[in-house]
1. Can you say whether LYS111 is more than 60 Å from the chain's Cα centre (by Cα), assigned by the TED database to the domain that holds ALA53 and open to solvent by 30 Å² or more (accessible area, probe 1.4 Å), as far as the supplied structure shows?
2. Residues of segment 239-269 being closer than 28 Å to PRO73 by Cβ, open to solvent by less than 50 Å² (accessible area, probe 1.4 Å) and either out of contact with any helix residue (DSSP H, G or I) (no Cβ under 9 Å at 6 or more places or on another chain) or touching a residue at least 60 places away in the same chain (Cβ under 8 Å) (or both), which ones?
3. From THR736, THR682, THR748, THR732, which residue is touching a strand residue (DSSP E or B) at 6+ places or on another chain (Cβ under 6 Å), open to solvent by 10 Å² or more (accessible area, probe 1.4 Å) and farther than 28 Å from VAL851 by Cβ?
4. So in segment 116-157, with the set limited to residues that are open to solvent by 90 Å² or more (accessible area, probe 1.4 Å) and touching a residue at least 60 places away in the same chain (Cβ under 8 Å), which one is farthest from GLU38 (Cα to Cα)?
5. Going by the structure shown, is ASP725 touching a helix residue (DSSP H, G or I) at 6+ places or on another chain (Cβ under 8 Å) and buried (at least 16 other Cβ atoms within 10 Å of the Cβ)?
6. Quick check on my filter: what residues within segment 293-319 are of a type outside the set (A, V, I, L, M, F, W, C) and either assigned by the TED database to the domain that holds CYS229 or not in a strand (DSSP E or B) (or both)?
7. How many residues does segment 375-402 hold that are buried (at least 21 other Cβ atoms within 10 Å of the Cβ) and part of a loop (DSSP other than H, G, I, E, B)?
8. Scan segment 203-210 and give yes if some residue there is in contact with an Asp or Glu (Cβ under 6 Å, 6 or more places away or on another chain) and open to solvent by less than 30 Å² (accessible area, probe 1.4 Å), otherwise no.
Amino acid sequence: MQEVIHNFGLVHGWRSGVEYEDHSTSMGRGNNCPSAPELWRLGWATPIDTLSASNFPENRYLRYMLPYTYAGPSGAYLKLQPNWASPYDKNVYLALRGNGNGDWEIEAEFKDVISLHEGEVPADNRFDSWDDAHYTIITTIGQNRFYDMNWRRLAIKTQSLSNGRMEVWVCRYRSAASECANPNDNGGTVCNPVSGYTVAADVDHPGDDIVNKGGVAEAAAACSAAANCKGFNSQGWVKQVVSPTSAHSGMCLYAKVVTNCQKVSGYTVQADVDHNGDDIKQETSLQAAAAACNANAACRGFNSWNFVKTVVTPTSPFQGLCLYTKVATECQAVNGFTVKADVDHNGDDISNKASMVEAADACRADSRCKGFNSWGWYKTTTTPVGAYPGLCLYTKTATSCQSFEGYQAAADTDHNGNDIAQAGSVTAALSACNSDPTCTGFSSGGFTKYIVTPTGSSRGMCLYTKLAPTILDAAGCGAVQERYGLLPQFNWGSTPAPYQQLWVRSTCEPEKICRFWQSRWAIQVFVGWGNMPGSLQPSWTKLNCDQFWSRCQDVSGFTVTPDVDHNGDDISQKGSIAEAAAACRAEATCKGFNSQGWYKTTVTPTSSYQGMCFYVKQGTSCTPVSGYTATANTDHNGDDIDRKGSLAEAAAACNADSRCKGFNNGGYYKTVVSPTSSAQGTCLYVKVVTRSACTRPDRWCGHGGASLGNIDCDGDGLKDWICTDLEGNRGTIRSTDSCGGRWPEVDTSLCPAGQLQRLPGADWACVDGYDVAGDAIVVWTNVGDRATCRELCRQDTRCEFFVLTNDRRCVLKSNYLTGPSGANGPSSGVSTTCLGSTNYGQFQCVPGWDVKGDHVEDPFYVSHVSECRYWCLNSVDCVFFLYLEDGTCVLKDNTFKGRYGTTQPNSAIAWACFQVWYAAVDNN
C-alpha cells in the first residue's frame, strides 16, 4: 500500500526523528490505514473540528467525542493549529485508532488509544502542497489520562472508551495547564460542532422529519442541500422545523444558521442558494459585482462571492451564499416595434419627443428612423446596445401585411392618388375592391384605387394589387361605361387609357354591354327602348344589340329552347354564353343556363321570356361493364397506357394489365383514375378491387415498448394492423395500402379509429398486485394479458389507466387515485394496474396527494415543478416525483410499496406525477 499511496503525494511516516518508524501507518512500518494527518492530506477524511487562536478560547477545556478513524470519513479526527504558541511551526492531530475495517491489523500499541501526531507548517496548511510535512507520531494517550503538551501550551484529557467513541478534552493555556477550567456543561452530552449550524446538547425537537440519513455528517450534507431543511439531530433525522425543543438526554440538536444577505438596489436576493456556472467574471466586492452587472446587458445577476453571471436559474442549495437576480424593467409594448429592457444605443439621435407615443409616431413617419428609447429619443440606428438599467429600447420591425386571396401585397409601399373611395378598414376595402370591376387594388389605409402604379415608399403601409389582369363581365363593362360616359362605337368619353385597354381586353363590345343595357334599362327587345337614355340608343343600334335576342346559337352538349327561362336556382352569372356553357360543364350540380349567362341547378319548370335562349345539359348514358363502376360526364385527364377501338377491347386490355385502374368510353385505359373532372359525354370506368384482411408480418411491432392493435382503419370492413411505442413512433398495415407497412411517422388521419396520437404506457408505469381508485369507464371481459388491456386503454381517449384483474377483466378508468371505483391498496384480486395517458408532458399528475415509495436521492429545492420533472426524466431510477408547496422536489421509485410517505391526500404536496412514457409530447 505504501508504494501505491506515494502516487498520491504522501511520503514516509516518522517517529523520534527516524524515517519509517511510525508503526501506526502503512507509510511507516504498519500494515493498516494511513494516520490522521495523512488522511487529511489525501482528502480521505475530514476533521471533527479545526482549532486555532481565532476559535479556541484560553484556559477552558473544549470537549469532543472522537470515533474510530476506520468508522468513516466524516469527523474522523481533531486538528489543531497552535498559532498561539511561539514558534508556530507544526500542527497537531488527535485520533482514536482501533482494529476494525482497514485497521484490522493495527499494532496493539495503537489500539483503543488516542494517537497524537504533528505535521510541519506551512506544508500542512496547504492541501495542494507537495512539500514533505514530516508527519511524526509523538505519543499515544490511553483512557482517563492527562497529557501536557507544554511546548505547544496545550493540555489534553481523555475519558473512558464507550460505544466505539472516546471523549477528549483539549485546552490551550496561557502559562500552565492548571489554569484550564472544566467545560461549562458539567459532564453533559458532547456535541461535535458542524460548520453552518449551532448545536444544543441534550435537547431535541420531536417530529417534522424529512428523512433519516443515519449519521451527523450525512444529515448535515442533506440539510445543507435542502432549502426546506432547518436542522437535524445526532440520530440523523433531517427536519423542517427545530423549535420548540424538549429535553432529550444524549441528543444533540443542530439548527441551520440563516444567511443574512445584504440588500442591493435593483436586485432580488435569495439566501443559501446559487446557480452553478454561467460566470462572466469574478469582481472584488459585492458593490463591484452589482456595478459590473448593471453595465452589462447580458448579465442577469451575481452571487455573494462576486461572480457575475449570464444565467441565474436553475438554482441549487448552497449554505452561506446569497444569489442576486436583476429586476428587469417592464417595458410597454408598442405596435410595430420590438423592445429590449435595461439597454440603450448611445447617440445617432434624430430628435427628442415629449412622450413615447410621440416618439413612436415620429419614427414611423421618418424613413431614416430605426427606433427610439423610452426617454423619447428617436434614432437612425439602434445597434450596438449597452446596458442602461431602467431604460427601454424600441426597434422598428418590418411591416407585416395580411394576406388576401387574389391580391399581391407589398409592405411599406403605396400609390399616391387615383383613389376610388375610402372604405374605412382594410377588410372593407377588400370587399369594395372585389365588388368593383374598375378597382385594381387598395391600401391598408382603406383606400380603393383604380390605378396602383407607380409606387413609392410608405413606412407601415401595405399596398394590395389584384392578381392577373381583370376581365370585366357584363356588369363590369356597364360600370366603366357609366363612370366615364363612354359611348360605344362613337367615343371614349373621359375613360382613362388603362380602362380603355381593359374594355378592349374584356370584349365588352358588342354582347356584354348590350346585355347590361337590356337589364339596366328594362329594354323590350323588338318592342321598345324601356328607360334607356337617348344618348345610348345610337350605340345600341350601331352594335346591332338586337342580334343577341333574335336567335339562339347552338352549344355542344346542350339542348336550346328560345323565348323561355327557368326563374331562380342560379349558381352564378357569366359574361357570355360561351363562359356560361364552360362553367356549367365544369360544375356537376349545373343542369343548364340562359343566354344572360345565368347557370342553374334546376331547369324546370320553364316560363315564357321573350328574347331569352334557354340551354339544358344533355344527359350521358354509360353502358355497364362487369367488374367496373361507371361515372357519367366524368374523366381523368392523362395517365393513359394505350387506346383500344371499343369499350369491350378497353375492358379486356385493362383486365389483362395489373397496372390498369380503369378506362373511358373513348377506349383509353389508364394507370390512374383520380382526380376526376367534368367531361360532358364521357364515361369513366373504374376497376372494382376485391381485398382481404392483411396478415401481420413476423416481428412487426414486436420491439420493446410497442403496443399492437387490430382495427378497421379505412372503413372497408377489414381489420388493419396498427402499432405505437413509447418513443412516439406509429405505424399501420392497411388493406387500402395493399397491406404495405408504414413506419415510423404515420399520419394519424390514416387510422382515425386507432387513436394513433395516443402512446402506450410503459411497464414501469405498472404496479402488480395493487388496486387504484378511479372512475370506471368500461369493463372488458376475457382479457388475458397486460398488452391487450393496455391497447384497449390506448384506443379509448377517456382512459387514463387500467386495472387488470386475475379473473381476466380489464377495467378502463379515469381520475387516478381520486375516483369512487376501487381502493388504493394491495389487492389479491388484481394482477396489475397501469397508467396509460399523460396530462403533463411524459407524466400523469394528481394534485394534493402523497404517494408511498423509496427515495431515489435526497429531496432538494427547485423553483418550479418543471425543474422537478426535468430531474426525474434525467434520473435512471426515478419513476414518479412529488413536488411540495414549498418547492421541495422528491424523486421516487417503488410506487405504492416503498418505505417513505403514505398514499393519501396531503395539502403540503402540490403535485404527485407518475412517468408514463419518455417520448416528447406537447401537453405542458
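The values are calculated or read from the model by the stated rules, or taken from the named source; none is laboratory data. Since we're looking at a predicted model, the values are computed, not measured. Methodologically, a virtual Cβ is constructed for each residue, glycine included, from the backbone with ideal geometry; neighbour enumeration extends over all protein chains shown. Accessible surface is based on the protein model in full, side chains and every heavy atom, while ligands, DNA and RNA are left aside. Shrake-Rupley method; radii C 1.70, N 1.55, O 1.52, S 1.80 Å.
1. Taking the combined requirement at face value, the residue satisfies it.
2. VAL242, GLY250, MET251, CYS252, LEU253, TYR254, ALA255, LYS256, THR259
3. Working: THR736 fails: touching a strand residue (DSSP E or B) at 6+ places or on another chain (Cβ under 6 Å); THR748 fails: touching a strand residue (DSSP E or B) at 6+ places or on another chain (Cβ under 6 Å); THR732 fails: open to solvent by 10 Å² or more (accessible area, probe 1.4 Å).
Sole residue among the options that is touching a strand residue (DSSP E or B) at 6+ places or on another chain (Cβ under 6 Å), open to solvent by 10 Å² or more (accessible area, probe 1.4 Å) and farther than 28 Å from VAL851 by Cβ: THR682.
4. My answer is TRP151.
5. Against the criterion (touching a helix residue (DSSP H, G or I) at 6+ places or on another chain (Cβ under 8 Å) and buried (at least 16 other Cβ atoms within 10 Å of the Cβ)), ASP725 does not qualify.
6. So the first thing to find is which residues in segment 293-319 are of a type outside the set (A, V, I, L, M, F, W, C), and the list is 294, 296, 300-301, 303-304, 306, 309-310, 313-317, 319.
ASN294, ASN296, ARG300, SER304, ASN306, THR310, THR313, PRO314, THR315, listed by residue number.
7. Of the residues in that region, 1 qualify.
8. Filtering segment 203-210 down to residues in contact with an Asp or Glu (Cβ under 6 Å, 6 or more places away or on another chain) leaves none.
No, the conditions are met nowhere in segment 203-210.
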